[in-house]
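Visitor: What follows is a single structure, and I will ask about it in a moment.
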Amino acid sequence: MKHTINELEDIAAQVRRDIVRMVHACQSGHPGGSLGCADFMTALYFEIMNHSTDFKMDGKGEDLFFLSNGHISPVFYSVLARSGYFEVSELATFRKLNSRLQGHPTTHEGLPGVRIASGSLGQGMSVAIGAAQAKKLNKDHSIIYSLHGDGELQEGQNWEAIMYAPFNKIDNLISTIDYNGQQIDGPTEKVLSLENLQAKFEAFGWHVINSDGNDMDAIVKALHYAKSLTGKGKPILNLMSTQMGYGVDFMMGSHKWHGVAPNDEQLAAALAQLSSTLKDY
């Protein structure tokens, strides 16, 4: 194990501090989903993936990650910086003019760690499957990881891709759904119910596991288990339950913090709940 669970929890706490500070500073962004996925992203980059901070776009010989729900860029940028892809101080430029840290990740700024522009919801699954298939064609035994919002599964393109992957035995892919039940307009059950996602993915031919995305020990174990399932003829889905806004009590569990920045008082209240373990930028 590269880090202890306590060390990973400390990193995730700092990532959450980064998230609320970044969004507050520019009074724009998406804190809710970013906070909810901080444990998963920390586990992925600091424990699970075989990756190099000497960033090369083709990613030969290493695991790759694709963020489909690009609006949760704050957690992506924080984890990339904290794991060494670029200077942590650059987080202070989030969403500012001429920054490489745009509101939704893009590639033309050349930010290390970002391989696709994302934010047009529903497209990440197709990209991840394409990358996984390319790995297999190149005899590269690395793994492709992707993260998706539950609300974006309301986009039809996902289901074409979800059907394609098992048929083509894309078994080097671990896709995770951030299953928080919230989207910008309200609970997913009220906007457009997803019904039984596990049954749907299994019917399409995926191997589905369930995990608690806000329990570091649980998510690390789930991702190690998911890795053990690769190479067996099926793509793997990690159906990950989280709470939007996790770690900040007044943000938790509500779609209202999907895309709203905290004011000065709210920032102070949030930071009071989150330990500074790696020092603020």
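The values are calculated or read from the model by the stated rules, or taken from the named source; none is laboratory data. This structure is a prediction, so every number in the text was calculated from the model and none was measured. With ideal geometry, Cβ positions are generated from the backbone for all residues, glycine too; neighbour counts draw on all protein chains shown. The protein model used for the area step is the full one, side chains on, heavy atoms only, and it has no ligands, DNA or RNA in it. Shrake-Rupley method; radii C 1.70, N 1.55, O 1.52, S 1.80 Å.
Visitor: Kindly indicate the residue of the stretch 205-224 that is in contact (Cβ under 8 Å) with a residue 24 or more places away in the chain and assigned to a helix (DSSP H, G or I) and also most open to solvent (accessible area, probe 1.4 Å) among those meeting that condition.
Guide: His224
Visitor: Would you confirm whether any residue within the stretch 134-142 is crowded, with 17+ Cβ neighbours inside 10 Å and among the hydrophobic types (A, V, I, L, M, F, W, C)?
Guide: No, the conditions are met nowhere in the stretch 134-142.
Visitor: From the list Ser142, Ser175, pick out the single residue that is among the hydroxyl-bearing types (Ser, Thr, Tyr) and part of a loop (DSSP other than H, G, I, E, B). First the steps, then the outcome.
Guide: Numbers: Ser175 fails: part of a loop (DSSP other than H, G, I, E, B).
Residue meeting the stated conditions: Ser142.
Visitor: Kindly evaluate Gly149 against the criterion of being surrounded by fewer than 22 Cβ atoms within 10 Å (Cβ to Cβ), within 18 Å of the chain's Cα centre (by Cα) and either aliphatic (A, V, I, L, M) or closer than 15 Å to Asn69 by Cα (or both).
Guide: Considered against the rule, which asks whether it is surrounded by fewer than 22 Cβ atoms within 10 Å (Cβ to Cβ), within 18 Å of the chain's Cα centre (by Cα) and either aliphatic (A, V, I, L, M) or closer than 15 Å to Asn69 by Cα (or both), Gly149 comes out as no.
Visitor: Follow-up question, since we're still on this one. Report the residue count in the stretch 68-123 for those that are aliphatic (A, V, I, L, M) and under 23 Å from Gly245 (Cα atoms).
Guide: 10
Visitor: Name, by its number, the condition in (1) farther than 30 Å from Asn6 by Cβ; (2) in contact (Cβ under 8 Å) with a residue 24 or more places away in the chain; (3) over 18 Å from the mean Cα position of the chain (by Cα); (4) in a loop (DSSP other than H, G, I, E, B) that does not hold for Glu195.
Guide: All conditions pass for Glu195, except number (2).
Visitor: What pairs come out if I take residues in the stretch 105-128 that are under 18 Å from Gly29 (Cβ atoms) and pair them with residues that are acidic (Asp, Glu) and open to solvent by less than 30 Å² (accessible area, probe 1.4 Å) whose C-beta lies under 6 Å away, six or more apart or interchain?
Guide: Leu121/Glu152
Visitor: What number of residues in the stretch 231-252 are among the charged types (D, E, K, R) and under 30 Å from Lys139 (Cα atoms)? Even if it seems obvious, please write down each step before you answer.
Guide: Applying the first criterion (among the charged types (D, E, K, R)) to the stretch 231-252 yields 232, 234, 249.
Checking the rest, the ones that are also under 30 Å from Lys139 (Cα atoms) come to 232, 234.
Counting residues in the stretch 231-252 that are among the charged types (D, E, K, R) and under 30 Å from Lys139 (Cα atoms) gives 2.
Visitor: In the stretch 241-257, is there at least one residue being modelled with pLDDT of 95 or more, within 23 Å of Ser73 (Cβ to Cβ) and part of a strand (DSSP E or B)?
Guide: The answer is yes; a qualifying residue exists.
Visitor: Report yes if some residue within the stretch 167-178 is closer than 20 Å to Tyr225 by Cβ, buried (at least 22 other Cβ atoms within 10 Å of the Cβ) and touching a Ser or Thr at 6+ places or on another chain (Cβ under 6 Å); otherwise report no.
Guide: Among the residues of the stretch 167-178, at least one is closer than 20 Å to Tyr225 by Cβ, buried (at least 22 other Cβ atoms within 10 Å of the Cβ) and touching a Ser or Thr at 6+ places or on another chain (Cβ under 6 Å), which makes the answer yes.
Visitor: In the stretch 1-14, which residue that is in contact (Cβ under 8 Å) with a residue 40 or more places away in the chain and in a helix (DSSP H, G or I) is surrounded by the most Cβ atoms within 10 Å (Cβ to Cβ)? Reasoning before the result, please.
Guide: Taking the stretch 1-14 as the starting set, the residues that turn out to be in contact (Cβ under 8 Å) with a residue 40 or more places away in the chain are 1-3, 5, 8-14.
Now restrict to residues that are in a helix (DSSP H, G or I): 5, 8-14.
Details: Ile5: 16, Leu8: 21, Glu9: 18, Asp10: 18, Ile11: 26, Ala12: 30, Ala13: 20, Gln14: 22.
Ranking the qualifying residues of the stretch 1-14, first place goes to Ala12.
Visitor: OK, next. Give me the residue from the stretch 179-191 that is open to solvent by 30 Å² or more (accessible area, probe 1.4 Å) and free of Cβ contacts under 8 Å to residues at least 40 places away in the same chain and, out of that set, farthest from Val127 (Cα to Cα).
Guide: The residue in question is Lys190.
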